[in-house]
Each structure stands twice: as C-alpha cells, then as structure tokens.
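Read the figures in this text as sums done on the coordinates, not as results from a lab. The model shown is predicted, which means the values in this text are computed figures rather than measured ones. Counting neighbours? That spans all protein chains shown, and the Cβs are built from the backbone with ideal geometry, glycine included.
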Amino acid sequence: DAGVIQSPRHEVTEMGQEVTLRCKPISGHDSLFWYRQTMMRGLELLIYFNNNVPIDDSGMPEDRFSAKMPNASFSTLKIQPSEPRDSAVYFCASRIDRGADTQYFGPGTRLTVL
Amino acid sequence: GEDVEQSLFLSVREGDSSVINCTYTDSSSTYLYWYKQEPGAGLQLLTYIFSNMDMKQDQRLTVLLNKKDKHLSLRIADTQTGDSAIYFCAETLYNQGGKLIFGQGTELSVKP
C-alpha cells in the first residue's frame, strides 16, 4: 500500500489567497483526520471524518477553514483567505476502526503564507 | 480536560539506553501510542500498548505502562544515531470516537 498520500508537499502563497490541501487515505480505512503542527502549539487535531461524515470539527480555528470528504478516497482542507499565521505543516491521517485504532500519517504539506 | 505531558529534550550517547517518559490524564484511554517524527517527515507509528497490559517489548523498544500513575515510558536499547528524532506519546479517547491526544514531543539527540 502507498500509505496516506498528501499533496502538495510544499505550498507557498500570499496572504489572502485560497489554499487547498489534498489527502488520499489508505484504501479501506474508515476514518480520516486533519492535523496542524506548529512549533508554538504542537500537533492539533482540526477535524475528523468517519465514513466520509464530519464527526468533530471543534479544532477548526475559524470560518476561513473548511474540510470536505466527498468520497472514501479523497479529502480536502481549504483555507480562504489564508493568513501568515496559518503557516504550519498540515498532516492527514487515516485509520481503520478495528483493533488498535492506529492512525497512519501522511508526509504532510508544509504551508507558508507570506 | 485531557492532557499528555512529556519532557521536551533528551540527550544520550550512542549505545546507551534512552528512556522517554509521558504522563496522561484520561483513565478511559484504551490504547496508548508512541510515534516517531524525523525532520521534515510525518509521524511514524513505533508501537502501541493496550491499557490492560503493563509491558510490551518489540526488538529494541520496551513500553512500560503504569495505569495507576497514568505514566507511560518508551525505552530504546542500544540507541543509535538514526534514532535521533522527536518522539510523541499519544492517548486515544475512547468516549470521543477514538480521537488521539498528543504530547508535545520529546526531541531525542543521540551523540556518537
């Protein structure tokens, strides 16, 4: 299996622009998670989906952030408009809801907003 | 609320054992995990332990769980320079759909 796939790996954009991050979970996994990692705040859970349905979005910082999962093999995290304080590494993880409930992480997207 | 605490830094000599400690607060956690993050990479699952166990060994890794004190540790035997990374402890919140709560991460530096 290719693991969790994220794109792009790096994104540099200007303040005010729309940013879309993409994630392909591991095939057959039931849940998908979006995290943000910064030096100041560590690893924060933004939102997670179960069977394509958003379950908990309490970590989404504000209305500028939105996430969708139109099908079992694809999810997006959108920031519109982006701000410099959104600069971070964004990780997607997926999980099969059996056994040890282990989450498998993608390589991350490093976002820089100028 | 839920909280996972780790010390931020650990430095050891190559060949020594490393012990990374973690405390957590949620007694309902079913699984506890250790993840490794190398520079510029995502989090890689190292090992996990079920909450009804007190020890798990996997090659050079030993996980100890003291459920009474809510203390988890990861011991790496014969630490190598390739083990230099940030190590995250995480607990799963069973009553919140299995959300993971991560510690701040411990940066392990292995000196030759």
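At-a-glance table
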quantity: Rel. contact order, % - alpha carbon contacts under 8 angstrom, at least six apart, region A:3-73; calculated: 23
quantity: Spin-label model distance (nm) - B:Arg75 vs B:Asp58, 7 Å beyond Cα toward Cβ; calculated: 1.7
quantity: Centre separation in Å (Cα based) which lies between region A:57-100 and region B:37-99; calculated: 25
quantity: Net charge, B:Gly15 excluded, C-beta distance under 12 Å - Lys, Arg +1, Asp, Glu -1; calculated: -1
quantity: Neighbour net charge for B:Lys36 - beta-carbon separation under 15 angstrom, K R +1, D E -1; calculated: -2
quantity: Ranked list, fewest to most other Cβ atoms within 10 Å of each Cβ, for B:Lys111, A:Lys78; calculated: B:Lys111, A:Lys78
quantity: A:His10, A:His29, B:His71 arranged by Cβ crowding within 10 Å, fewest neighbours leading; calculated: A:His10, B:His71, A:His29
quantity: Unsatisfied cross-links (Cα-Cα over 23 Å) in the set B:Lys36/B:Lys68; A:Lys24/B:Lys56; B:Lys36/B:Lys70; calculated: B:Lys36/B:Lys68; A:Lys24/B:Lys56
quantity: Long-range amide H partners of A:Asp56 with built H, under 5 Å; calculated: A:Tyr48
quantity: Interatomic Cα distance distribution for chain A, bins of 5 angstrom, percent; calculated: 2, 13, 24, 26, 19, 10, 4, 1, 0
quantity: Residue-by-residue Karplus 3J(HN,Hα) for region B:71-86, coefficients 6.51, -1.76, 1.60, Hz, glycine and proline x; calculated: 10, 10, 9, 10, 10, 10, 7, 6, 4, 10, 4, x, 7, 4, 4, 9
quantity: Chain B - percent relative contact order, Cα under 8 Å, separation 6 or more; calculated: 38
quantity: Max mean-square fluctuation residue, GNM over chain A, Cα-Cα springs under 10 Å, options A:Tyr104, A:Tyr48, A:Tyr90; calculated: A:Tyr104
quantity: Net charge of neighbours whose Cβ lies under 9 Å from the Cβ of A:Gly59, counting Lys and Arg as +1 and Asp and Glu as -1; calculated: -2
quantity: Range of Cα positions in chain B per principal axis (Å), largest first; calculated: 44, 28, 20
quantity: Residue-wise HN-Hα coupling along region B:20-34, computed from phi with Karplus coefficients 6.51, -1.76, 1.60 (Hz; x: Gly, Pro); calculated: 10, 10, 8, 10, 9, 10, 8, 6, 8, 4, 8, 10, 10, 10, 10
